[in-house]
Amino acid sequence: MSQDSPPNLPSVTVVVSARNEAQTIRSCIAALLAQLHVPELIVVVNDGSTDGTAQVLERFANDPRVMVINLERNVGVPSARNIGAAQSRSDIIAFTDADGYATPEWLAELLLPFAEETVACAGGPDRAPTGDRPFALAVDYSLSSLIGSGRLRLKNRFAPYSPAGCNLAIRREVFEACDGFNECLDQRGEEKELLQRIRRAGGRIVYCPEALVWHHRRVSPRRFWRQNFLSGKARVDILRLAPDAFSWPHVAPSLMVALLLAALACYLASGLLLCLVPIGAYLLALLWDAVQALRAKRSWRIAAWVALTSGLIHWGYGIGLMHGCLRLALGKPVGSGRCARGVV
């Protein structure tokens, strides 16, 4: 695409949900204001932040291109996104996260597919900025590697492509017809469930490889493990609301975790070395992933972390999915139970 003259594109409102993002929200908004295809409006929903996010947002108070909505309490990402989307009168509503920043071509590339009326939604890749810490760059690699994530975050043959909430655009009329994000899914997965409703209604979802968002990753093993744990738990909630979203790749981590735990129990009970074969094969797979990261990134520090970050994806997500199944068996509500609308 030409850097100087983007083609005739639909109007767009960009919605950003922010919760304690004082360190990154300014660069996020600055990148949106510098888009080749200028959004009609940027709506920033400050979701009950307790840091300096509100003070940073005061700098944009006199900019007519930016609308800031300060919520007194934390309502969760899906509710905050719905509040922001309600302000849109544009053809398209785009969503991104406050802990990232878009490339100048992001909106121009993301909106190109909407020239076809059958396209209801589009999304693109999100990558860690090259200057981030080695652990964050290892997380970034694992999230897109075959061993780490089965490359499910990219368009592939294993499962239907679902854009991430940090790089997502939806026709406003489709978004409103689907009643927006389900506010019960306030702990992750809200965009996946909405996309399944869009698919069910016959809408096309398109992958735009050039529509790039730089997205900061978790910077500690504990926070990254929790992110994956919540994703696994949310997958069960998604399936409770949308059983037709089932895909075997999404339950593979739990099956693998169960197999490895069974192998370990077998060894402890019998002492048979043969029981350790699955564990050895798994460790070799993680080592292979690290070697591939070394070849791709040319960094021993990143490669060393990859063996851990890929494992954290498997065990965090796998245990989270098991936890979600247990909650289902105990009759626990979807999400945290604080949703405003109830289960749709």
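Conditions tested, residue by residue: (1) under 23 Å from the mean Cα position of the chain (by Cα); (2) of a type in the set (Val, Ile, Thr).
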position	(1), (2)
THR13	yes, yes
ALA18	yes, no
GLU58	no, no
ASP63	no, no
MET67	no, no
For the stretch 38-82, what are the residues that are in a loop (DSSP other than H, G, I, E, B), in contact with an Asp or Glu (Cβ under 7 Å, 6 or more places away or on another chain) and surrounded by fewer than 19 Cβ atoms within 10 Å (Cβ to Cβ)? GLY48, ASN74
Are any of the residues in the stretch 22-37 crowded, with 23+ Cβ neighbours inside 10 Å, out of contact with any strand residue (DSSP E or B) (no Cβ under 6 Å at 6 or more places or on another chain), at pLDDT 95 or above and aliphatic (A, V, I, L, M)? yes
Within the stretch 237-290, residues of a type in the set (Lys, Arg) and either without any contact (Cβ under 8 Å) to a residue 40 or more places away in the chain or under 26 Å from LEU146 (Cβ atoms) (or both) come out as none
Those residues of the stretch 224-253 which are surrounded by fewer than 23 Cβ atoms within 10 Å (Cβ to Cβ) and among the basic types (Lys, Arg) amount to ARG226, ARG240
Among the residues that make up the stretch 30-49, is at least one of them among the polar types (S, T, N, Q) and free of Cβ contacts under 8 Å to residues at least 24 places away in the same chain? no
Within the stretch 38-58, can one find any residue that is closer than 16 Å to LEU110 by Cα and at pLDDT below 95? yes
Among the residues of the stretch 190-228 satisfying the criterion of being part of a helix (DSSP H, G or I) and touching a Pro at 6+ places or on another chain (Cβ under 8 Å), which is farthest from ALA80 (Cα to Cα)? ARG199
Residues of the stretch 168-216 that turn out to be in contact with a Ser or Thr (Cβ under 9 Å, 6 or more places away or on another chain), closer than 30 Å to ARG73 by Cβ and of a type in the set (Lys, Arg), as a count: 3
VAL119 fails exactly one of the following numbered conditions: (1) over 25 Å from ASN228 (Cβ atoms); (2) under 17 Å from the mean Cα position of the chain (by Cα). What is the number of that condition? (2)
Looking at LEU308, LEU328, which is the one that is part of a helix (DSSP H, G or I), closer than 27 Å to LEU230 by Cβ and modelled with pLDDT under 95? LEU328
Taking the stretch 116-145, which residues are modelled with pLDDT under 95, out of contact with any helix residue (DSSP H, G or I) (no Cβ under 8 Å at 6 or more places or on another chain) and either within 21 Å of LEU283 (Cβ to Cβ) or small (Gly, Ala, Ser) (or both)? GLY131, SER144
Out of LEU154, LEU195, sole residue that is within 13 Å of the chain's Cα centre (by Cα), surrounded by 20 or more Cβ atoms within 10 Å (Cβ to Cβ) and of a type outside the set (Gly, Ala, Ser): LEU195
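The values are calculated or read from the model by the stated rules, or taken from the named source; none is laboratory data. Everything quoted here is computed from the prediction, not taken from an experiment. Here Cβ is always computed from backbone atoms with ideal geometry, including for glycine, and neighbour counts include all displayed protein chains.
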